[in-house]
Structure formats: C-alpha cells, structure tokens
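Heads up: the structure comes next, in structure tokens.
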Amino acid sequence: MEQLRVFAGSLLSSFRDLLPIILVVAFFQIFVIRQPVPDFGRILTGFMLVIFGLTFFIRGLEQALFPIGESIANAFARKGNVFWLLLFAFALGFGTTIAEPALTAVTAKAAIIAAREGAIADDKAVMANYALGLRLTVAFSVGVAIVVGVFRIIRGWPIQYLIMGGYAGVVIMTFFAPPEIIGIAYDSGGVTTSTVTVPLVTALGVGLASSIKGRNPMIDGFGLIAFASLTPIIFVLGYGMII
Amino acid sequence: MALLQKILETGLSTITDVLPIVLIIFGFQLLVLRQRINKLKRVLFGFLYVLIGLTLFLVGLEVALFPIGKLMAQQLTDPGFIKQAAGVVSGSLQWDDYAWVYLFAAAIGFSTTVAEPALIAVAIKAQQVSGGAVTVWGLRVAVAVGVAVGIALGAFRIVTGTPLHYYIISGYVVVIIQTLYAPRMIVALAYDSGGVTTSTVTVPLVTALGLGLASNIPGRSALIDGFGLIAFASLFPIMAVMGYAQLGEWRVRRNLHRKRRLKAARDNDDY
C-alpha cells in the first residue's frame with residue numbers, strides 16, 4: 001500500500017515534468033496552427049508511456065546509477081591507485097560514447113555533407129570509413145575528457161582555466177578548419193552525453209571529490225560532463241583539418 | 001501490436017546502449033577493485049528499472065512527441081503559413097516575419113529541457129551536494145531558460161543566414177567574462193549544464209526545427225545550416241546558470257545591505 005502511494009507520487013511528479021511540453025503543443029495546435037491533431041489516441045498513449053518511463057528511470061537512477069557511481073569512486077579513492085582510476089575513466093568515456101545511437105546518426109550525416117562538399121569521395125565505402133573515423137575520434141575524445149576531468153579532481157585544479165583554454169583552442173581552430181565540419185564539430189559536443197552516462201559520471205565526480213581530502217564536491221565534483229562536451233569539438237575540428 | 005514490437009525493438013537497442021556501461025562497471029568492480037557490490041540485488045533491480053524506464057520513455061517520445069513536434073516544426077516553417085501569419089501579401093519575407101517560429105523555438109526548447117532526464121539527475125545531485133543552495137527546480141528552470149534563448153537565437157541565425165561561429169565565439173567571450181565574476185561554487189555545475197541539456201528529448205525536435213527552417217528559406221542549405229542549433233542549446237545554459245547564481249548572490253547581498261541599513265536606522269532612533 002505504502003509502495004503504491006510512493007509510486008503514484010512519482011508518477012505525478014513525472015506528469016509535472018511533462019506538463020510544459022503538453023501545454024506548448026496544445027497552445028500552438030489550438031491557437032496558431034489551428035489544424036486537427038492527427039491520431040489523438042496514439043499521442044495520448046505515447047505520453048502515458050513517457051510518464052511511466054520517466055518514473056522508472058528516476059527510480060533506477062536513485063537505486064543503481066547514483067550509488068554505483070559513488071561506491072566506485074569511494075573504492076578507487078581508498079585504493080589510491082591513480083592508474084586504474086584513469087583507465088576506468090577512459091573506458092567509461094570511450095565505451096559509453098561509441099555505442100551512442102545519436103552519435104552514429106550525426107556521423108553518418110557528417111559523411112554525407114563531407115562528400116557533397118567534395119572533402120571526400122562520393123563513394124559508399126569512403127563515406128562509411130569517414131563516419132567510422134569520426135565516431136572513433138569522438139569516442140576517444142570523450143575518454144580523454146573523463147581522464148582529464150578525473151585528474152583535475154584528484155589535483156584540485158580550478159576548472160575555469162582548463163575550460164577557458166579549451167574554448168580558446170576551439171575559437172582558434174575554427175578559423176583554420178574547413179567550413180563544412182564546423183557545425184558538426186559544435187554539435188558533436190552535445191550528442192556525446194547520454195541519459196545513462198550523465199548520472200553515472202556525475203556520481204563518480206561528486207563521489208571522488210567527497211572522498212578525497214581537501215576537495216569540495218560542489219567546486220571540484222562537477223565538471224566531467226563539461227569536459228566531455230568540450231573535447232569532441234576540438235577533436236572533430238582536428239579530424240576535419242587532417243582529412 | 002505495432003506498439004509492442006516497437007517497445008521490444010527499442011528495448012533491445014537500449015540494452016546495447018547500457019550493456020557496455022554495465023560491463024565496464026562490473027568488470028572493474030570484480031577484477032580491479034575486487035569488492036562485492038553493496039546491496040547487489042537492489043542495484044540489479046535498479047539497472048532493470050533504468051532499462052524499462054528508458055525504453056518506455058523513448059517509445060513514448062517516438063509515438064507521441066516526435067511526430068507531432070516535427071509536424072508542427074514543418075507547419076510553422078512553411079512559407080505559406082509564415083506569409084499568412086505575418087500578413088505579407090507579396091514580396092520576400094523579412095526576419096521579423098518569423099515571430100511564431102522564434103516563439104515556438106523558445107517554448108519547445110524550454111519545455112523539452114524541463115523534461116530531460118539527464119538534467120533531472122544532475123539537478124538532484126546538485127541539490128544534495130549544495131545542501132539546498134541550488135534547488136532541483138531552480139537549476140532546471142535556469143537551464144531551460146538558457147536553452148529557450150539559445151534555440152530562439154539559433155532560429156534567428158538560420159533565418160538571417162549569419163555565420164554560426166560569430167555567435168558561438170561571442171557566446172564564449174561572455175561565458176569567460178561571467179566566469180571571472182560568478183560565485184566559485186557554481187562554475188563547474190554551470191559548465192556541466194551545457195552538456196546535459198541536449199540529450200534524448202531536445203535534440204530530435206530541435207533538429208527537426210533547424211532542418212525545416214533551413215530547407216524552406218531560399219539560400220540556406222539544410223545540411224550545413226540545419227546543424228548548429230544544438231551548439232546554441234549547449235552554450236546558453238552555461239550563461240543562464242551562472243546568471244542564476246549571480247542573481248541569487250546579488251539578492252542575498254541586497255538583503256544584507258537592507259538589513260544593515262534598517263538596523264542603523266533603528267540604532268539612530270534609539271538615541
């Protein structure tokens with residue numbers, strides 16, 4: 001009974017999370033577009049699924065992703081072996097990105113653009129190769145990002161210098177990179193961080209910063225995601241310049 | 001039946017998405033850290049919930065939100081609709097005829113960001129860690145406002161055809177200046193919020209909007225100009241979150257100032 005009440009409460013809060021979307025869609029449909037909505041029943045079913053899905057996800061987040069991220073961070077901090085920690089960081093970044101469906105979609109599109117702009121040959125095999133290279137580049141860059149981010153937490157370096165240095169690098173590289181890669185490079189920073197990776201990586205960072213003496217979880221614990229969205233831009237711009 | 005098949009297919013692809021993560025975690029736990037996982041059963045069920053939740057979430061989005069969102073993006077960027085809405089009878093369209101598009105861009109950016117699961121996760125952590133100085137809703141609304149402004153500006157850029165890197169580079173300059181003045185504890189979180197905004201819910205709709213705009217405006221290439229909206233959606237939340245913290249700090253300082261002045265006035269009355 002108690003559990004049912006908790007579940008109903010989570011459902012309600014998921015509904016609240018979805019409410020802005022429902023309102024926006026309804027407003028534009030009724031007042032601006034003024035055309036009948038196709039398949040209303042289907043849309044209603046879909047929204048129900050979204051609400052249930054979000055509820056389950058949040059539950060799993062608190063029960064699996066957060067605790068496991070924290071416990072791994074604690075275990076590594078206690079063990080004090082930096083090499084294994086950094087290897088774990090790289091594996092996590094690389095492994096979660098290479099399987100990311102959004103990234104596969106973006107790199108395939110990027111290959112089409114590159115072929116059309118004449119940067120590579122308009123050939124299926126060449127394009128597939130280009131897309132794969134891009135995917136590996138982005139996955140590698142995310143692995144590097146988590147490594148750098150974790151190392152920063154261990155050392156307690158202020159994040160702003162690293163990030164600003166990265167941005168400065170992006171700005172400078174933008175001037176030299178071929179124009180067709182720029183939009184893709186900027187966008188690739190956004191697609192790398194998936195819904196499962198973010199909670200895990202956040203818990204890892206905050207967990208590390210809380211278990212290492214002298215680190216503040218608020219100042220030092222966050223920032224891993226920031227690195228993971230910055231390095232792909234740099235690496236993809238570099239990829240465009242080399243190829 | 002079609003729905004059931006979709007759920008199975010999405011479930012399978014979610015498993016391939018989550019599997020590498022699970023393997024890496026359990027591999028390191030067992031081989032390197034050599035420790036038993038605390039409350040193993042609970043954690044395993046948690047992963048199961050993540051799988052079920054993500055699957056239902058994605059299927060629901062695909063069944064409900066994406067088709068209607070993409071249809072709306074198409075309808076709103078259709079030159080016929082824009083001419084009619086702006087009252088343009090003849091001649092070419094100007095940038096200010098696209099008012100509904102900008103409004104839709106902002107509204108859809110805001111509302112999808114509020115529902116973004118990754119952002120909810122970061123916000124929960126931020127509230128825990130900051131001891132309530134950053135609240136779940138405060139952070140989510142700040143980020144959503146940033147995305148709304150970013151996407152609207154991104155739509156404006158596609159309409160006017162100005163180069164992307166002008167905006168991004170000036171955005172970075174603003175971020176750098178803000179970083180110098182923002183409270184230290186918010187900086188890392190602000191940088192993080194740039195990356196979390198753009199995952200499951202926001203990207204497909206925003207991409208549809210960008211492609212719709214770019215393919216309907218003469219002189220824009222859907223392939224080149226359609227990109228770049230995501231970049232706006234990751235840049236502006238950084239400014240918004242730092243702004244949110246700066247606003248909070250400023251209010252605390254103003255209250256302190258006011259209290260001090262009141263106290264001084266009261267002390268004066270005593271004499």
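Residue count for region A:95-111 under the criterion of being more than 9 Å from every other protein chain (Cβ to nearest Cβ) and not aliphatic (A, V, I, L, M): the result is 3. At least 3 residues being farther than 29 Å from B:F45 by Cβ is the threshold, and among the helices (runs of 4 or more DSSP H) wholly inside region A:48-140 those reaching it are A:82-98, A:101-116.
Here's the yes/no breakdown for (1) over 19 Å from the mean Cα position of the chain (by Cα); (2) at pLDDT 90 or above:
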site: A:A77; (1), (2): yes, no
site: A:F90; (1), (2): no, yes
site: A:T104; (1), (2): no, no
site: A:G118; (1), (2): yes, no
site: A:L136; (1), (2): no, yes
site: A:A139; (1), (2): no, yes
site: A:I154; (1), (2): yes, yes
site: A:V170; (1), (2): no, no
site: A:T174; (1), (2): yes, no
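Scanning region A:112-128 for residues that are away from chain B (no Cβ under 12 Å) and surrounded by 15 or more Cβ atoms within 10 Å (Cβ to Cβ) turns up A:A119, A:I120, A:M127.
Whenever a residue of region A:223-243 is free of Cβ contacts under 8 Å to residues at least 40 places away in the same chain, its partners that are small (G, A, S), lying with C-beta atoms within less than 7 angstrom and at least six residues away or across chains, give the pairs A:I225/B:G195.
The set of residues in region B:180-199 being under 20 Å from the mean Cα position of the chain (by Cα) and at the interface with chain A (Cβ under 7 Å from one of its Cβ atoms) consists of B:V187, B:A188, B:L189, B:Y191, B:D192, B:G194, B:G195, B:V196, B:T198, B:S199. The requirement of being more than 10 Å from every other protein chain (Cβ to nearest Cβ) and either over 30 Å from B:I25 (Cα atoms) or of a type in the set (S, T, Y) (or both) is not satisfied by A:G143.
Summed over region B:40-92, the residues that are at the interface with chain A (Cβ under 8 Å from one of its Cβ atoms), farther than 22 Å from A:I21 by Cβ, without any contact (Cβ under 8 Å) to a residue 12 or more places away in the chain and of a type outside the set (F, W, Y) give a count of 5.
Taking each residue of region B:131-152 that is in the same structural domain as B:V187 (by TED's automatic domain parsing) and among the hydroxyl-bearing types (S, T, Y) and looking for partners that are surrounded by fewer than 17 Cβ atoms within 10 Å (Cβ to Cβ) and modelled with pLDDT of 95 or more with beta-carbon atoms closer than 7 Å, six or more apart or interchain, yields nothing. Among what's in region A:56-71 and is touching a residue at least 40 places away in the same chain (Cβ under 8 Å) and more than 7 Å from chain B (Cβ to nearest Cβ), pick the residue that is surrounded by the fewest Cβ atoms within 10 Å (Cβ to Cβ). The selected residue is A:E70.
The values are calculated or read from the model by the stated rules, or taken from the named source; none is laboratory data. The structure presented is a predicted model; accordingly, all values stated were derived computationally and were not measured. Cβ atoms come from the backbone with ideal geometry, glycine included; neighbour counts cover every protein chain shown.
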